[in-house]
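As structure tokens, the structure follows; a few thoughts come after it.
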Amino acid sequence: MVIATDWVRLLVVCLIFTLAAGAVVWWAGLASPRPVARAAVRATAQLAAVSAVIAVVLASLPLTAAFLVLMAAVATGTSAARTKTGRRGVWVAAAILTGTVPAVAVLVVTGLVPLRGIALVPVGGILIGGAMTATTLSVRRALDTLRDRHGEYEAALALGFTEPVAVRELIRRPAAEALIPALDQTRTVGLVTLPGAFVGMLLGGAPVWQAGALQLVVLLGLLAVEAVAIAVVVELVARGLVRRTGAAGEVRLT
């Protein structure tokens, strides 16, 4: 009876938050409430599915590796869809993985994260998620800048700049704004937020100092991973590998 009551309360609270989010975006004219509802339903289904298989996944290193690959693939697809880059969106995988793979390797080699699914999946997920967000934001800002400042791009070409150099000069600073959330999260940790790794370890019974140390490593790892992702995005856009697509095909600079 107690468990049933807890589930009812959980469902009621989730429904309240979903309805509140949908109502606010509709009332304020921000967007249709449909994306909010779809996101809530999708999150529920995905978490239910993951909860059903996670014990098996975490008990096997090969399955853990496969699950991390799945995470990276979903992150790539999500970022490509959000940036409207079509088939060229496959290149965003380079931005997501270039920093994430070495970061996870460093954590494992140094022994800070044991070579076990119970540690690799959450830490890998945090880093992949951070890289995905930074990639999406930086690609959107970079491509918006190219569209809005196309005249400056053409002027740079007229002055003798090559296309990659001209694009880099325009998009570096706008793309770098994608690092602001990670910087703010790191600067305010412990004062404004207590991130998931810290809280999770405390709830799991770990000493406070150990939880704090792991959270610090994760936050600084996120900074490194996201910085690499943004740098790679700048190069991908500068070299013409990442562009938006439209109804009539690819949008080209020239």
Matching residues in segment 95-122 (farther than 23 Å from Arg147 by Cα and under 16 Å from the mean Cα position of the chain (by Cα)) number 10
Check off (1) under 20 Å from Leu222 (Cα atoms); (2) part of a loop (DSSP other than H, G, I, E, B) for Thr135 and give me the number that stays unchecked. (2)
For segment 170-193, does any single residue satisfy the condition of being more than 13 Å from Ser138 (Cα to Cα), at pLDDT below 85 and of a type in the set (Gly, Ala, Ser)? yes
Which residue out of Ala155, Ala175 is open to solvent by less than 60 Å² (accessible area, probe 1.4 Å), part of a helix (DSSP H, G or I), over 19 Å from Ile96 (Cα atoms) and not polar (S, T, N, Q)? Ala155
Complete set of residues in segment 80-119 that are outside any helix (DSSP H, G or I), in contact (Cβ under 8 Å) with a residue 24 or more places away in the chain and either in contact with a Gly (Cβ under 9 Å, 6 or more places away or on another chain) or open to solvent by 20 Å² or more (accessible area, probe 1.4 Å) (or both): Lys84, Leu112, Leu115, Arg116
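Name the single residue, out of those in segment 17-38 being open to solvent by less than 60 Å² (accessible area, probe 1.4 Å) and part of a helix (DSSP H, G or I), that is nearest to Arg82 (Cα to Cα). I'd like the intermediate steps shown before the answer.
Within segment 17-38, the first condition is being open to solvent by less than 60 Å² (accessible area, probe 1.4 Å), and the residues that meet it are 18, 20-23, 25, 28, 31-33, 36-37.
From what is left, the residues that are part of a helix (DSSP H, G or I) are 18, 20-23, 25, 36-37.
Numbers: Thr18: 21, Ala20: 24, Ala21: 20, Gly22: 20, Ala23: 23, Val25: 18, Val36: 15, Ala37: 17 Å.
Looking at the filtered set, the residue picked out is Val36.
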Please specify each residue of segment 51-64 satisfying the condition of being open to solvent by 50 Å² or more (accessible area, probe 1.4 Å) and not in a loop (DSSP other than H, G, I, E, B). Ser51, Ala52, Val53, Ala55, Val56, Leu61, Pro62, Leu63
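The values are calculated or read from the model by the stated rules, or taken from the named source; none is laboratory data. Just so you know, these numbers come straight off a predicted model, no measurement behind them. Here the Cβ is made from the backbone with ideal geometry for all residues, glycine too, and neighbour counts use every protein chain on show. Side chains included, ligands, DNA and RNA excluded: accessible areas come from the protein's heavy atoms. Shrake-Rupley method; radii C 1.70, N 1.55, O 1.52, S 1.80 Å.
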